[in-house]
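Bear in mind that the values in this text are calculations on the coordinates, not laboratory data. From a predicted model like this one, the values you see are computed outputs, not experimental measurements. Counting neighbours? That spans all protein chains shown, and the Cβs are built from the backbone with ideal geometry, glycine included.
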Amino acid sequence: MRVESDAGHLTDTALAWCKGVQHDRPTASMPRRRPKSPQLPPEALAEITAIYTALEQRALPRACTGQAGCCHFRITGRTPQLTRGEALYAMQGVRASGRREIRPHPEGACPLLAKDGRCTIYRHRPFGCRTHFCQAAGGMYPRRHVADLIQRLEALDEKLGGDGPHPLEKALTQA
Ligand code: SF4
């Protein structure tokens, strides 16, 4: 995932952001999902960007080599869990990328992973994608390091009428 990404998703069951939920396996009958055009209210946009900025300011040393293995949910058995604010922000990235629809990845990886291994919404990637790193890269961030930011995401979720985090594809579809 790095070219542009040194990220992944939280894979610690201790972190509500990624509960080891199995990613939907694409099937012939699985519909392609057209992104809606949801708007992130200005205050919510300010809060989500402030949370991500705060996270960047407390980045821990990690050595991601950009293999994007953490974006292959079927292989890892885990998928990022997004709150509503994260999902709406990620959808901004989807629209900015020019995508007209979100198609399931043929290999069960993140639908936002490009063929060349790049994250197509890197600047808008979810919190979990910013805090999970494989063991080879140094491992995911400890919960205590980001607990306050998770609480802010949960509070924002509530303000936006969300009902808690959902697996990435579902969260994007509902956004
Ligand atoms: S949004 Fe998808 S492609 Fe981008 S970093 Fe997260 S899991 Fe990888």
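The phi-based Karplus calculation (6.51 cos²θ - 1.76 cosθ + 1.60; θ = phi - 60°) puts the 3J(HN,Hα) values of segment 153-159 at 5, 5, 5, 5, 4, 5, 4 Hz, whole numbers, x for Gly and Pro.
Scoring 166-174, 108-116, 127-135 by mean Cβ neighbours within 10 Å over their residues and listing the highest first yields 127-135, 166-174, 108-116. The rule of thumb for compact globular proteins, 2.2 N^0.38 Å, goes into the C-alpha radius of gyration of segment 42-174 1.01 times. Charge dipole of segment 89-129 (Cα centre as origin; +1 on each Lys and Arg Cβ, -1 on each Asp and Glu Cβ, all else neutral): 160 debye, rounded to the nearest 20.
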